Amino acid sequence: MGDSYLKYKVAAVHAAPVFLDREKSVEKAIGLIEEAAAKDAELIAFPEAYLPGYPLWSVANRPNEIHSLFARLYANSLTIHGKEMKALQRAARKAGIFVSMGFNEKSELTPGTIWASNVLISDNGEILNRHQKMVPTYAEKLVWSYGDSTGLRVSDTRLGRIGALICGENTNTLARFALLAQGEMLHISTYPPAWPYKKPGAKGEYDPLKANQIRGGAHAFEGKVYNIVTCNFCDELTMDTCSLDEEAREVISKTPKPASMIFGPTGAIIAGPTEMGKEDLLIAEIDMEQCILEKPAHDITGGYNRFDVFKLSVTRSPLQSVQFIDSSGGWERGEEDNEDSEEEEEARSEGITSDEAE
């Protein structure tokens, strides 16, 4: 009979968090996880920085006015091992659904450092991968630090090999190829609620709907993969918080907004785009046989490439602020100092000071 091809449903979130409120945003996310599971979805994908919100203020306001918002964001950001992440893991396990979550991740080592991150949680609550946005885009550099490359990988799951990139990374051909070359079958693209790169109405104004259709369809078509495009939603709370003056509010309110959608392996949209001005939960069916049917034409990570001509090298290593190299493993001491008495050696092994041993 041979191998069978997987069929299952996935969900794309097009919704706003409870902006800059970590606990309420997690609560809303858990509700959406439960809703997707009730609709028989086996994977749910959340947008970029869903928890506790995308720092839209960094693009719309003057840099010297946004310090207090950064402090609020940092206070409400998550750590990869924190209680909020554990709550999401429990929710995934209870609902029996894979969860891809975009979140603001604060460093457990360096206070004040935030990354734009994405985590993939399995249906049994296990963290499969954490990817940090490697290069924050434009004004995002005022908020987010450069991420490392350790999460530039796909996760081999019962649903197939799953990969994710954050916002502008989906425009990075080499990053996309790095995932496809690992056998990616289902891709997740996460985006913000708006991108005021230019003032509304300006020549060449950025259109996120068109941009996401281009790169979302391109990745699906080139890789013969399914691609879930999930975008944050700009609600009144988000707009009120990010608009520090009337000019900023006008920029945010009039900037074109994105729509979420799901692409099949031909590059065609199979669900969405979502309706402008409302939150939604898109559902689509994945049929992996469709990926196989498209591969004979262009398998760019297999038979439709020349690896003797083209070579890509990817370094996956953590960013470290300091590396300590200890040549001796301890204090340099004279030979006579190394000869401890039997009593001193036994006391040291039990955590007793030399004075106590006497």
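The values are calculated or read from the model by the stated rules, or taken from the named source; none is laboratory data. Predicted model, so just to flag it, every value in this text is computed and none were measured. Note: ideal-geometry Cβ built from the backbone for every residue, glycine included; neighbour counts use all protein chains shown. Heavy atoms of the whole protein, side chains included, go into the accessibility calculation; ligands, DNA and RNA do not. Shrake-Rupley method; radii C 1.70, N 1.55, O 1.52, S 1.80 Å.
Side notes on the structure shown:
- Of everything in region 286-317 that is among the hydrophobic types (A, V, I, L, M, F, W, C) and part of a loop (DSSP other than H, G, I, E, B), the residue that is surrounded by the most Cβ atoms within 10 Å (Cβ to Cβ) is M288.
- Flag if T190 is touching a strand residue (DSSP E or B) at 6+ places or on another chain (Cβ under 6 Å), closer than 20 Å to N232 by Cβ, open to solvent by less than 50 Å² (accessible area, probe 1.4 Å) and of a type in the set (S, T, N, Q): yes
- All strands (runs of 3 or more DSSP E) inside region 112-164 with 1 or more residues being small (G, A, S), buried (at least 18 other Cβ atoms within 10 Å of the Cβ) and touching a strand residue (DSSP E or B) at 6+ places or on another chain (Cβ under 9 Å): 114-121, 155-157
- Extreme residue, surrounded by the most Cβ atoms within 10 Å (Cβ to Cβ), among residues of region 229-267 that are closer than 12 Å to P196 by Cα and of a type in the set (A, V, I, L, M): I252
- Residues of region 300-315 that are in contact with a Leu (Cβ under 8 Å, 6 or more places away or on another chain) and of a type in the set (A, V, I, L, M, F, W, C): I300, L312, V314.
- Pairing each residue of region 74-100 that is of a type in the set (S, T, N, Q) with any residue that is buried (at least 20 other Cβ atoms within 10 Å of the Cβ) and assigned to a loop (DSSP other than H, G, I, E, B), provided the two are 6+ apart or on different chains, yields C-beta distances under 6 Å for N76/L20; N76/P52.
- Residue-level check: of (1) crowded, with 18+ Cβ neighbours inside 10 Å; (2) at pLDDT 95 or above, K210 misses just (1).
- Residue count, region 215-238 (criterion: of a type outside the set (S, T, Y) and closer than 25 Å to P296 by Cβ): 13
- Residue count for region 224-237 satisfying the condition of being touching a residue at least 24 places away in the same chain (Cβ under 8 Å) and over 20 Å from the mean Cα position of the chain (by Cα): 3.
- Residue count for region 112-141 under the criterion of being over 17 Å from I162 (Cβ atoms) and among the β-branched types (V, I, T): the result is 4.
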